[in-house]
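A short write-up of the structure that comes next.
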Amino acid sequence: MNSMKGYFLSALSILLLLCLTGCWGNKEIEDLSVNVGLALDVGKESELEQELAEQGATYPKKNIITATLQTVPVLKGNKEQQMGNSKSSEMFLNTEVTGDSIFQLYRQYSLRRYRPIIGHHLKVLVISSELSRKMDLDKLVNFILRDNDIRPSCLVLISTGKASEALISSQPGDIPSFHLRSMVENQFRNNKILAPMILTELDGIMNSGSSFVLQNLVTAKGEVEFAGAGVLKGETNKWIGTLNEHEVEGLNWIKGDIEGGVIKTYDKSGEVLAYEIKSASTKIKSKVNGNDISFHVSIEADGRLIENWDKSQVPTDEKFLKEAEEYFEEELKDMLHKTTRKMQEKFKVDVGGFRNQLRIQHPKVWRTVKQDWDETFSKCDITYDVNITITDYGSSAK
């Protein structure tokens, strides 16, 4: 009986050993180049690429796109770092490749770097407005959306200048792609930051034919800053212009994407008044009267009077608080009207989510206008009702 039990245990042990085969076909992480950032610009070969091409490093292609691939980690003294350009650091390596097929550009990486590149941890995709003005965005993200290695949670941004400059940092120990991905989390602090646009959401919007916005950024001397939003027309999926920071604030109020931030204005003496947003809500009501479509937007906010420069005005005074609320309401209304005019008169696109409200509230009407909605939207009457409440004035009031 004991011998049978011994045979059984031995057989079970062998079976378990066969199951624990491990990942024989995989490579260790230190033998891979982890792609964390991708920037796409209008195609222009770098000096390094031109020198390599002169020595025979060429293949059939059109120089339409320059892709900058940011990879980590790059160990100090690594041979690849010595082969890179001045945009490298000990924390990351930027490699520029120029051509047409983005998939092929990724494969070309293997001709210059010995460690295979993997895209499982791609954090951010930055596209220059110049490139997105010339090319359909769907073409630029086609491979990225279809590649199973790249996570659909990758953040998509647009850049006023060269997209590759967003992947450069002047801060020691900073990895630009991680930095950019984390910056969107500051939306609760600043209402000039758009809700994050990730690959899966972008794919759905492009398939729906809707016009949309992407967070815009600008760069200077190794620093990057969010500055307004790029507007892309749904009919073409191409960049058509930019909303400034003030208009992005208005857009966030319209879309109900306010998590926090500030409303700043000036009183009758020209002195600063600042309001800290604690909570906010937006409701959009669509109305249909024959062939006329209109919208009424109701906005409410609670917050704190956090700053007033006029020493003659005491924050504890009820009359002053009421006047301050009116100043803030007028400032917000002005912001909303400027944003609306930019959408309707200059760009003639709906990037404020009005189409969704009409589709939900009047589905039959929506089916008749959806094919040419941007043009229809540009003629709609939009009114606003704003109610700002000051709930407190901070911990100190003299």
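Is it true that S294 is assigned by TED's automatic domain parsing to the domain that holds T383, within 30 Å of Q313 (Cα to Cα) and of a type in the set (S, T, Y)? So that I can check it myself, show each step before the final result.
Working: assigned by TED's automatic domain parsing to the domain that holds T383: yes; within 30 Å of Q313 (Cα to Cα): no; of a type in the set (S, T, Y): yes.
Considered against the rule, which asks whether it is assigned by TED's automatic domain parsing to the domain that holds T383, within 30 Å of Q313 (Cα to Cα) and of a type in the set (S, T, Y), S294 comes out as no.
Report whether or not T389 is outside any helix (DSSP H, G or I) and open to solvent by 30 Å² or more (accessible area, probe 1.4 Å).
The answer is yes for T389.
Does G234 fit the bill of being under 30 Å from K134 (Cα atoms) and either at pLDDT below 95 or assigned by TED's automatic domain parsing to the domain that holds M135 (or both)?
On the way: under 30 Å from K134 (Cα atoms): yes; either at pLDDT below 95 or assigned by TED's automatic domain parsing to the domain that holds M135 (or both): yes.
Against the criterion (under 30 Å from K134 (Cα atoms) and either at pLDDT below 95 or assigned by TED's automatic domain parsing to the domain that holds M135 (or both)), G234 qualifies.
So which pairs qualify, if the first residue must be in segment 192-211 and among the aliphatic types (A, V, I, L, M), the second must be open to solvent by 50 Å² or more (accessible area, probe 1.4 Å) and not in a loop (DSSP other than H, G, I, E, B), the Cβ gap must be under 7 Å, and the two must be at least 6 apart or on different chains?
I193/N186; L199/L145; M206/D138
May I ask you to verify whether I382 is modelled with pLDDT of 95 or more and open to solvent by less than 40 Å² (accessible area, probe 1.4 Å)?
Values: modelled with pLDDT of 95 or more: yes; open to solvent by less than 40 Å² (accessible area, probe 1.4 Å): yes.
For I382, the condition - modelled with pLDDT of 95 or more and open to solvent by less than 40 Å² (accessible area, probe 1.4 Å) - is met.
Let me confirm something: among I263, I254, I258, which residue is touching a strand residue (DSSP E or B) at 6+ places or on another chain (Cβ under 8 Å), in the same structural domain as T383 (by TED's automatic domain parsing) and in a loop (DSSP other than H, G, I, E, B)? Steps first, answer last, please.
Values: I263 fails: in a loop (DSSP other than H, G, I, E, B); I254 fails: in a loop (DSSP other than H, G, I, E, B).
One residue alone meets the criteria, I258.
Only one of (1) in a loop (DSSP other than H, G, I, E, B); (2) open to solvent by 60 Å² or more (accessible area, probe 1.4 Å); (3) under 29 Å from E49 (Cα atoms) fails for L122. Which number is that?
Unmet for L122, out of (1) in a loop (DSSP other than H, G, I, E, B); (2) open to solvent by 60 Å² or more (accessible area, probe 1.4 Å); (3) under 29 Å from E49 (Cα atoms): (2).
For segment 247-272, name all the residues that are farther than 16 Å from E307 by Cβ and open to solvent by less than 50 Å² (accessible area, probe 1.4 Å).
First, pick out the residues of segment 247-272 that are farther than 16 Å from E307 by Cβ: 247-259, 268.
Across segment 247-272, the qualifying residues are E247, V248, E249, G250, L251, N252, W253, I254, G256, D257, I258.
Do we have L336 as assigned to a helix (DSSP H, G or I), in contact with a helix residue (DSSP H, G or I) (Cβ under 7 Å, 6 or more places away or on another chain) and either exposed (fewer than 14 other Cβ atoms within 10 Å of the Cβ) or of a type outside the set (K, R) (or both) here?
Details: assigned to a helix (DSSP H, G or I): yes; in contact with a helix residue (DSSP H, G or I) (Cβ under 7 Å, 6 or more places away or on another chain): yes; either exposed (fewer than 14 other Cβ atoms within 10 Å of the Cβ) or of a type outside the set (K, R) (or both): yes.
The answer is yes for L336.
Output the number of residues of segment 284-333 satisfying the condition of being in a strand (DSSP E or B) and basic (K, R). Lay out the reasoning, then the answer.
Filtering segment 284-333 for residues in a strand (DSSP E or B) gives 284-289, 292-308.
Keeping just the survivors that are basic (K, R) gives 285, 287, 304.
So the count comes out to 3.
For the structure I just gave you, tell me whether E345 is farther than 21 Å from S279 by Cβ and not aliphatic (A, V, I, L, M). Give the steps one after another, and end with the answer.
Values: farther than 21 Å from S279 by Cβ: yes; not aliphatic (A, V, I, L, M): yes.
Taking the combined requirement at face value, the residue satisfies it.
Of E300, E318, E330, which residue is more than 30 Å from K238 (Cβ to Cβ), charged (D, E, K, R), surrounded by 14 or more Cβ atoms within 10 Å (Cβ to Cβ) and not assigned by TED's automatic domain parsing to the domain that holds S208? Spell out the reasoning first.
Values: E318 fails: surrounded by 14 or more Cβ atoms within 10 Å (Cβ to Cβ); E330 fails: surrounded by 14 or more Cβ atoms within 10 Å (Cβ to Cβ).
Answer to the check: E300.
Yes or no, residue by residue, for (1) of a type outside the set (K, R); (2) closer than 30 Å to I306 by Cβ; (3) out of contact with any helix residue (DSSP H, G or I) (no Cβ under 7 Å at 6 or more places or on another chain):
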site: V156; (1), (2), (3): yes, no, no
site: S159; (1), (2), (3): yes, no, no
site: S170; (1), (2), (3): yes, no, yes
site: R181; (1), (2), (3): no, yes, yes
site: N190; (1), (2), (3): yes, yes, yes
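Do you know which of the residues in segment 206-246 that are among the acidic types (D, E) and over 16 Å from the mean Cα position of the chain (by Cα) is surrounded by the most Cβ atoms within 10 Å (Cβ to Cβ)?
Start the filter on segment 206-246 by keeping residues that are among the acidic types (D, E), which leaves 223, 225, 235, 245.
Keeping just the survivors that are over 16 Å from the mean Cα position of the chain (by Cα) gives 223, 235.
Working: E223: 12, E235: 15.
Selected residue: E235.
So, S182, is that one closer than 29 Å to V97 by Cβ, at pLDDT below 95, of a type in the set (G, A, S) and touching a Lys or Arg at 6+ places or on another chain (Cβ under 8 Å) or not? Walk me through it before giving the result.
Numbers: closer than 29 Å to V97 by Cβ: yes; at pLDDT below 95: yes; of a type in the set (G, A, S): yes; touching a Lys or Arg at 6+ places or on another chain (Cβ under 8 Å): no.
Considered against the rule, which asks whether it is closer than 29 Å to V97 by Cβ, at pLDDT below 95, of a type in the set (G, A, S) and touching a Lys or Arg at 6+ places or on another chain (Cβ under 8 Å), S182 comes out as no.
Only one residue in I117, I150, I158 is at pLDDT 90 or above and not assigned by TED's automatic domain parsing to the domain that holds D350. Which one?
Values: I117 fails: at pLDDT 90 or above; I150 fails: at pLDDT 90 or above.
Going through I117, I150, I158 in turn, just one is at pLDDT 90 or above and not assigned by TED's automatic domain parsing to the domain that holds D350: I158.
Determine whether segment 81-103 contains at least one residue that is modelled with pLDDT of 90 or more, under 30 Å from H179 (Cβ atoms) and assigned to a helix (DSSP H, G or I).
For segment 81-103, residues modelled with pLDDT of 90 or more, under 30 Å from H179 (Cβ atoms) and assigned to a helix (DSSP H, G or I): present.
The values are calculated or read from the model by the stated rules, or taken from the named source; none is laboratory data. These numbers come from a predicted model, not from an experiment. With ideal geometry, Cβ positions are generated from the backbone for all residues, glycine too; neighbour counts draw on all protein chains shown. Areas reflect the complete protein model, heavy atoms only, side chains present, ligands, DNA and RNA absent. Shrake-Rupley method; radii C 1.70, N 1.55, O 1.52, S 1.80 Å.
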